[in-house]
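Student: Just dropping this structure here.
The values are calculated or read from the model by the stated rules, or taken from the named source; none is laboratory data. Not measured: the values here are computed from a predicted model. Cβ atoms come from the backbone with ideal geometry, glycine included; neighbour counts cover every protein chain shown. The accessibility values were calculated without ligands, DNA or RNA, using every heavy atom of the protein model including side chains. Shrake-Rupley method; radii C 1.70, N 1.55, O 1.52, S 1.80 Å.
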Amino acid sequence: MRQNAFILKGNICYAKTKEHLVGVEDGYLVCVQGISQGVYPVLPEQYRGLPVVDYGQRLIIPGLVDLHTHAPQYPFRGLGMDLELLEWLDTHTFPEESRYSDLDYAKRAYEIFVEDLRQSGATRSVIFGTIHTPATVLLMELLEAAGVKAYVGKVNMDQNCPDFLREADAGASVKDTRDWLEGTLGKFRNVAPILTPRFAPTCSGPLLEGLGELQREYGIPVQSHLSENLSEIAWVKELFPWSECYGEVYGHYGLFGGEAKTVMAHCVHSTDSEVELMRRKGVYVAHCPQSNVNLSSGIAPIRRYLEEGLLVGLGTDLSGGATMSMFRAMADAIGVSKLYWRLVDQEKKPLTMEEAFYLGTKGGGAFFGRVGSFEEGYELDALVLDDTGIRTTRRMETRERLERYLYLAEEGGRIAAKYVGGVEVFG
Ligand code: GUN
Ligand code: FE
């Protein structure tokens, strides 16, 4: 494992801003103690003598950040794609998640998930587990050993879900969560806990109240779902009639940004006041385009969110999304933004490749700190991409090679090496 100080050489590409993709052919990416010291066309004097890993003509890009996914749903990916959210939860998701009360089952399933994640383009992920503490701790241990960085949540749900996947009551759910935090906080190098109320419908007021108290006591981040589906939103209004918008339900309990670093998945149908609340509170949006298509949720207005200065990254939302490929998430984000422009609002231009790449790297990376770019001072997460299997007669520039890699990663693309926090995961 390469760790302390080394240089990666190749065709380097990273996002500086949403609009500005930096490309340096035959460039040098310098890593010292896990931190990027910058990218150089000519190696500065002070770094001569450091070991160089020469990747030739391969592309070197920042690791991809999956801001929203569900590890326990991996076994049924690609199934139930004819259903909308609430039916899909009852038919596929809740029965599968209940199996994680059995630690042997959890081990078999999570080993597959973690091994596939290790091989994937994601270097950082924000992950839902299930309500079960032992299975969630096991997932954290497996991720730690695999060397990928993640926030992992033990899910909270105490109402409006089947008996076989419901915590006894708010008190029991909060107590289990506290015990889980005590057992995991600060225990890992790569993995940290995140509070995970599943979504407002499955969380009672007293449960959300207790989780808000835990957030303030332990200062840990929060993840949940927001305004994904129209029936879900109507249900939240019935359950919490006092709320001005869905986001305010979390906000009322201190689980929506501000001091509590928060990521909300989807935000497909957020109202104006909800968007303004997210902007004001610095809530991250995890845009999950493939899931939004599969569950017929709708198209999140990402151009609007970018124009209004919201913090946005991308997620796969397994298994609402069928694939854990973050390359696919970037290509899908571009695709659905074109449908939004054509069918919904002609003022909202489609996302460019540069913007989608920014969202999949630096946009989501910000949730983890200085992550998702190769600018000096960023934690060094990198992928080395071999695109020689994506055959063509054309000679391509670096930017073109990156663009088609987003679309064709699964057709001949290969990740030749992966680094997380300056540590080689494989290569
Ligand atoms: N809302 C509540 N639970 C879920 C889930 O597991 N997946 C998705 N996509 N939305 C949800
Ligand atoms: Fe989800």
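Student: With the other protein chains left in place, how much accessible area per residue, in square angstrom, belongs to the chain at a 1.4 angstrom probe?
Tutor: Counting only protein heavy atoms, the per-residue value for the chain is 39 Å².
Student: Mind running the shape call on the chain? Use the C-alpha gyration tensor, a ≥ b ≥ c as the square roots of the eigenvalues: rounded below 1.5 for a/c, prolate if a/b tops b/c, oblate otherwise.
Tutor: Taking the square roots of the gyration eigenvalues as a ≥ b ≥ c, the chain is prolate.
Student: Pairs of Cα atoms under 8 Å, at least six residues apart: use those to get the relative contact order of the chain, whole percent.
Tutor: Numbers: 963 pairs, mean separation 87.7, N = 427.
Normalised by residue count, the contact order of the chain is 21 percent.
Student: Let me ask something else about it. Student exercise: in segment 271-427, how many lysine pairs 8 or more apart or on different chains have Cα atoms under 27 Å apart?
Tutor: The result is 9.
Student: Please report the spacing between the Cα centers of segment 225-245 and segment 41-63 in Å, no decimals.
Tutor: 50
Student: Additional query: May I ask for the distance between the Cα centers of segment 390-419 and segment 305-368, given as a whole number of Å?
Tutor: If you average the Cα positions of each part, the centres end up 19 Å apart.
Student: Related question: Of the heavy-atom accessible surface of segment 15-56 (probe 1.4 angstrom), what whole percent is carbon and sulfur?
Tutor: It is 51 percent, rounded to a whole number.
Student: Can I ask one more? Under a Cβ-only charge scheme (Lys and Arg +1, Asp and Glu -1), can you give me the dipole magnitude of segment 130-220 about the Cα centre, in debye to the nearest 20?
Tutor: Roughly 340 debye for segment 130-220.
Student: In nm, give the distance between the simple-model label positions of Leu185 and Thr271, each being 7 Å from the Cα along the Cα-to-Cβ direction.
Tutor: 3.4
Student: Using DSSP to define loop residues, name the trypsin sites (Lys or Arg not before Pro) in segment 166-225 whose beta-carbon has at most 15 other beta-carbon atoms within 10 Å.
Tutor: Lys187, Arg189
Student: Now for a different question. Can you give me the relative contact order of segment 7-68 as a percent, contacts being Cα pairs under 8 Å and 6 or more apart?
Tutor: Value for segment 7-68: 40 percent.
Student: Something else: I'd like the carbon and sulfur percentage of the solvent accessible area for segment 284-427, probe radius 1.4 Å, heavy atoms only, ligands and nucleic acids excluded.
Tutor: So the carbon and sulfur contribution to the accessible surface is 47 percent.
Student: Taking every DSSP beta bridge that has both residues in the chain, what percent is antiparallel when rounded to the nearest 5?
Tutor: Antiparallel: roughly 45 percent of the beta bridges in the chain.
Student: What size of dipole, in debye to the nearest 20, comes out for segment 348-427 about its Cα centre when the only charges are +1 on Lys and Arg C-beta atoms and -1 on Asp and Glu C-beta atoms?
Tutor: 320
Student: Still on this structure, I have one more. Of Gly412, Thr133, Val114, which is farthest along the charge dipole of the chain in the positive direction, counting Lys and Arg as +1 and Asp and Glu as -1 at C-beta?
Tutor: Gly412
Student: Still on this structure, I have one more. How far, in degrees from 0 to 90, does helix 398-408 lean away from the longest principal axis of the Cα atoms of the chain, to the nearest 10?
Tutor: 40
Student: Taking the Cα centre of the chain as origin, sum charge times position over the Cβ atoms of Lys and Arg (+1) and Asp and Glu (-1), and report the length of that vector in debye to the nearest 20. It would help to have the intermediate numbers written out before the result.
Tutor: Details: 43 positive and 58 negative charges, 276 e Å.
Using only the charged Cβ atoms, the result is roughly 1320 debye.
Student: Does segment 66-116 come out rounded, prolate or oblate, given a ≥ b ≥ c as the square roots of the eigenvalues of its C-alpha gyration tensor, rounded meaning a/c under 1.5 and, failing that, prolate meaning a/b above b/c?
Tutor: oblate
Student: Are there trypsin sites (Lys or Arg not before Pro) in segment 360-427 that DSSP marks as loop and that have at most 13 other Cβ atoms within 10 Å, and which are they?
Tutor: Here the sparse-neighbourhood loop sites are Arg391, Arg394, Arg395.
Student: Check each of the GluC sites (Glu not before Pro) in segment 263-345 and keep only those in coil by DSSP with at most 13 other C-beta atoms within 10 angstrom; list them in order.
Tutor: Those satisfying the criteria are Glu308.
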